[in-house]
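In what follows, a structure is listed as structure tokens, so that the remarks can point back to it.
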Amino acid sequence: MSGSPGTVRPVQLGWEANKAATRKAIVETAMNLVRTKGPAGFTVDDIAEAAGVSRRTFFNYFPSREAALVVSIEEFLDHAADQFLSRPAQEPLVESMYEVLIALADPIHLAAMAEVYGLAGTDAQMNRFQLQGWENCAERLVTAISQRPGAEPAPLYASALVSSVLASGKAALSEWYRRTGGDVTEESLTLLRQLLVDVVGYLRHGFTL
């Protein structure tokens, strides 16, 4: 059976690739709907229909429509955690955390995250899922620090360092949102990147002016 035009066939892609393609289609459909209808203007059924999947398939991937919408936040923070994990084990922790914040300023990963951050500021449920993403990132970073070879830092030190780094990143995002209202343009993304770079400098120099 050839299937309809544009249909993604698991036999061609393989099970894992097909699963990833379905997840991506759901996320992109949800984002298109939130752009055109606003955060409260559509349902899970609307997403499923537009993505060409069943309601059951949607819930195989996401527990709610908000969870599908904040995927870019999770991927953004996962990128930051991956950046930390790739740093040399002998590098001072503060320097590694500096590199994490620089990674957050990477324009390749900035646009989608900024868009969702702005939308979450107007929707309580989306904001809840977004905050959970930040908490998950913090837990992953603290665990990664504890598993580094060499002298093991005190748990309080690791937790305080990670919290400071992520709080600095969130402060930059909050300031960006205050100035722009969450409007994602080339100019506003340039501002966001500069704010992240600025907050990196504050952290690296002990917040001395």
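Read the figures in this text as sums done on the coordinates, not as results from a lab. Computed from a prediction, not measured in an experiment: that's the story for all the values here. Methodologically, a virtual Cβ is constructed for each residue, glycine included, from the backbone with ideal geometry; neighbour enumeration extends over all protein chains shown.
So what is the diffusion coefficient of segment 10-65 in µm² per second by Stokes-Einstein at 20 °C and 1.002 mPa s, using a Kirkwood Rh over Cα pairs?
Approximately 186 µm²/s, per Stokes-Einstein.
Taking the Cβ of residue 189 as the center, what net charge do the other residues with Cβ under 13 Å away carry, scoring Lys and Arg +1 and Asp and Glu -1?
Surrounding charge for residue 189 is -3.
Counting only C-alpha contacts under 8 Å and six or more residues apart, can you give the relative contact order of segment 67-209 as a whole percent?
With pairs under 8 Å counted, the relative contact order is 32 percent.
About the Cα centre, and with charges only on the beta carbon of Lys, Arg (+1) and Asp, Glu (-1), how big is the dipole of segment 10-65? Nearest 20 debye, please.
Charge dipole of segment 10-65: 100 debye, to the nearest 20.
Once fully extended, how much extra length lies between residue 32 and residue 122, figured as 0.36 nm per residue of separation less the alpha-carbon to alpha-carbon distance?
Extending this stretch completely gives an extra 30.7 nm.
Ordered by residue, what ³J(HN,Hα) values in Hz, to whole numbers, does segment 127-139 give under the Karplus form 6.51 cos²θ - 1.76 cosθ + 1.60, where θ = phi - 60° and Gly and Pro are x?
5, 4, 5, 5, 4, 5, x, 5, 5, 4, 5, 4, 4
Taking the Cα centre of the chain as the origin and placing charges on Cβ (Lys, Arg +1; Asp, Glu -1), which of 143, 63, 174 is farthest toward the positive end of the dipole?
The Cα lying farthest towards the positive end belongs to 63.
Given an 8 Å cut-off on Cα distances and at least 6 residues of separation, report the relative contact order of segment 1-141 as a percent.
23 percent
Using a Förster distance of 25 Å, how high is the FRET efficiency between residue 85 and residue 190, based on the Cβ-Cβ distance and rounded to 0.05?
The calculated FRET efficiency here is 0.30.
Just from its helices, what would the mean residue ellipticity at 222 nm be for the chain, if runs of 4 or more DSSP H residues each count -39500 (n - 2.57) and the sum is divided by every residue, rounded to the nearest 500 deg cm²/dmol?
Rounded to the nearest 500, it is -24000 deg cm²/dmol.
Across segment 195-200, in residue order, what do the Karplus-derived ³J(HN,Hα) couplings come to in whole Hz, using 6.51 cos²θ - 1.76 cosθ + 1.60 with θ = phi - 60° and x for Gly and Pro?
4, 5, 5, 4, 5, 4
5 Å is the cut-off here: which amide hydrogens, built 1.01 Å from N in the peptide plane, fall below it relative to residue 122, excluding neighbours closer than 5 in sequence?
HN-HN under 5 Å from residue 122: empty list.
Only Lys, Arg, Asp and Glu count, each charged at its Cβ (+1, +1, -1, -1), so figure out the dipole size of the chain about its Cα centre, rounded to 20 debye.
Here the size comes out at about 400 debye.
Provide the per-residue ³J(HN,Hα) series for segment 114-119, in order, calculated from phi with Karplus coefficients 6.51, -1.76, 1.60 and θ = phi - 60°, each as a whole number of Hz, with x at glycine and proline positions.
With coefficients 6.51, -1.76 and 1.60, one gets 4, 4, 5, 4, x, 5 Hz.
For segment 129-202 and segment 16-83, compute the distance between their C-alpha centroids and round to whole Å.
With segment 129-202 and segment 16-83 each reduced to a Cα centre, they are spaced 24 Å.
Averaged across orientations, what area in nm² does the convex hull of the alpha carbons in the chain project?
Mean projected area of the Cα convex hull: 14.1 nm².
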